[in-house]
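Colleague: First, the structure itself, so that you have it in front of you.
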Amino acid sequence: MTMASKADTLVADYLKRLNMELRGLPRARRRELLEEISEHIAEARAGLEADDEAGVRTLLDRLGDPADIAAEARERFGVRERAGVRDVVALVLLLVGGVVLPVIGWVIGVVLLWISEAWSTRDKLIGTLVVPGGLLVPLGLGLVSGESAGCIEISSGGPGPRTARTCDAGGGGIEPLELALVILLVLAPLVTTVYLAARLRRRQVPAAA
Amino acid sequence: MVTSEGTIYPLLSRLRRDGLVESSWQESSSGPPRRYYRLTDAGRAALEGFKLEWRRFRDAVDHFVERTA
């Protein structure tokens with residue numbers, strides 16, 4: 001491609017806006033629409049001079065506001081109820097699945113998350129990585145630290161059975177740092193769940209306006 | 001009915017997914033190849049069904065309007 005004309009820039013900007021507006025649609029639908037509208041523009045521009053800015057502006061006006069096209073698309077590809085239930089199950093399993101059915105419950109949640117069309121890849125990564133295992137990790141950690149609160153176990157490492165145990169005075173207090181970590185590990189998956197649920201709801205609201 | 005030309009594409013995409021239309025490429029003498037849409041058999045059947053429904057609806061409304069007029 002030679003120097004990008006003003007007309008090229010207008011088209012590129014239009015497609016960029018359309019791509020943004022189509023966020024939340026299933027990836028394949030989004031790609032399909034972008035392709036077809038790009039084709040439409042290329043076809044219409046074949047009858048224009050390459051740098052016919054006015055012609056391109058008219059063409060894009062006739063195509064319509066990307067927001068309108070996206071609204072139409074959301075209506076056409078409205079979320080089906082069946083998918084909605086599965087998505088909610090995914091969210092629940094991601095959070096507490098690992099606790100109810102250790103590890104496996106969470107893994108099923110991850111699978112449901114990734115086969116869903118309701119979330120973007122970015123959302124799915126967040127759902128998977130914050131925090132793997134959901135509440136299983138902080139719960140497990142909480143139990144362990146609860147048992148050996150304030151104690152440091154020193155294993156002699158040798159063949160001998162002796163382990164030394166040093167405890168804080170009182171022996172019951174949890175280290176503030178440890179407590180902060182557990183709280184963080186409890187909050188993080190909760191925040192993720194709320195975030196994913198919000199994204200889900202945004203998608204399920206049909207394009208009323 | 002169509003507010004802007006672009007909104008036809010989500011509709012076409014939906015019809016294609018439902019198997020009511022299919023598209024094919026054909027060379028164009030005046031530019032890049034064009035995509036042509038045509039009704040499938042299922043699409044034609046759906047159209048006939050819709051026409052039938054529409055006539056029934058239209059007749060019902062006509063009947064009602066003529067009686068009250």
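The values are calculated or read from the model by the stated rules, or taken from the named source; none is laboratory data. What you see is a predicted model, and the numbers here were worked out from it, not measured in a lab. Heads up, the Cβs are rebuilt from the backbone with ideal geometry, glycines too, and the neighbour counts pull from every protein chain shown.
Residue-wise test of (1) touching a residue at least 12 places away in the same chain (Cβ under 8 Å); (2) basic (Lys, Arg); (3) exposed (fewer than 10 other Cβ atoms within 10 Å of the Cβ); (4) in a helix (DSSP H, G or I).
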residue	(1), (2), (3), (4)
B:6	no, no, no, yes
B:19	yes, no, no, no
B:32	no, no, no, no
B:38	yes, yes, no, no
B:46	yes, no, no, yes
B:49	no, no, no, yes
B:53	no, no, no, yes
B:60	no, no, no, yes
B:66	no, no, yes, yes
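Colleague: Looking at A:78, A:47, which is the one that is part of a loop (DSSP other than H, G, I, E, B), without any contact (Cβ under 8 Å) to a residue 40 or more places away in the chain, out of contact with any Cys (no Cβ under 7 Å at 6 or more places or on another chain) and within 13 Å of chain B (Cβ to nearest Cβ)?
Modeller: Every option except A:47 fails the conditions.
Colleague: Could you look through the stretch A:56-67, keep only residues that are facing chain B (nearest Cβ under 10 Å) and either modelled with pLDDT of 95 or more or more than 25 Å from residue A:122 (Cα to Cα) (or both), and pick out the one that is nearest to the chain's Cα centre (by Cα)?
Modeller: Selected residue: A:65.
Okay, residues lined up against (1) within 12 Å of chain B (Cβ to nearest Cβ); (2) farther than 16 Å from residue A:5 by Cα; (3) among the aliphatic types (A, V, I, L, M):
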| residue | (1), (2), (3) |
| --- | --- |
| A:17 | yes, yes, no |
| A:21 | yes, yes, no |
| A:38 | yes, yes, no |
| A:42 | yes, no, yes |
| A:54 | no, no, yes |
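Colleague: Next question, about the same structure. Sort out which residues of the stretch B:22-56 are within 12 Å of the chain's Cα centre (by Cα) and either within 7 Å of another protein chain (Cβ to nearest Cβ) or under 24 Å from residue A:18 (Cα atoms) (or both), and write them in order of number.
Modeller: B:37 - this is the single residue of the stretch B:22-56 that is within 12 Å of the chain's Cα centre (by Cα) and either within 7 Å of another protein chain (Cβ to nearest Cβ) or under 24 Å from residue A:18 (Cα atoms) (or both).
Colleague: Pairs only if they're at least six apart or on different chains, beta carbon under 8 angstrom, first in the stretch A:123-135 and over 16 Å from residue A:200 (Cα atoms), second in a loop (DSSP other than H, G, I, E, B); list them, first residue then second.
Modeller: Filtered contacts from the stretch A:123-135: A:133/A:103.
Colleague: For the stretch A:96-209, which helices (runs of 4 or more DSSP H) that fit wholly inside it have 2 or more residues that are surrounded by fewer than 16 Cβ atoms within 10 Å (Cβ to Cβ), within 18 Å of the chain's Cα centre (by Cα) and modelled with pLDDT of 80 or more?
Modeller: A:104-115, A:121-129, A:176-204
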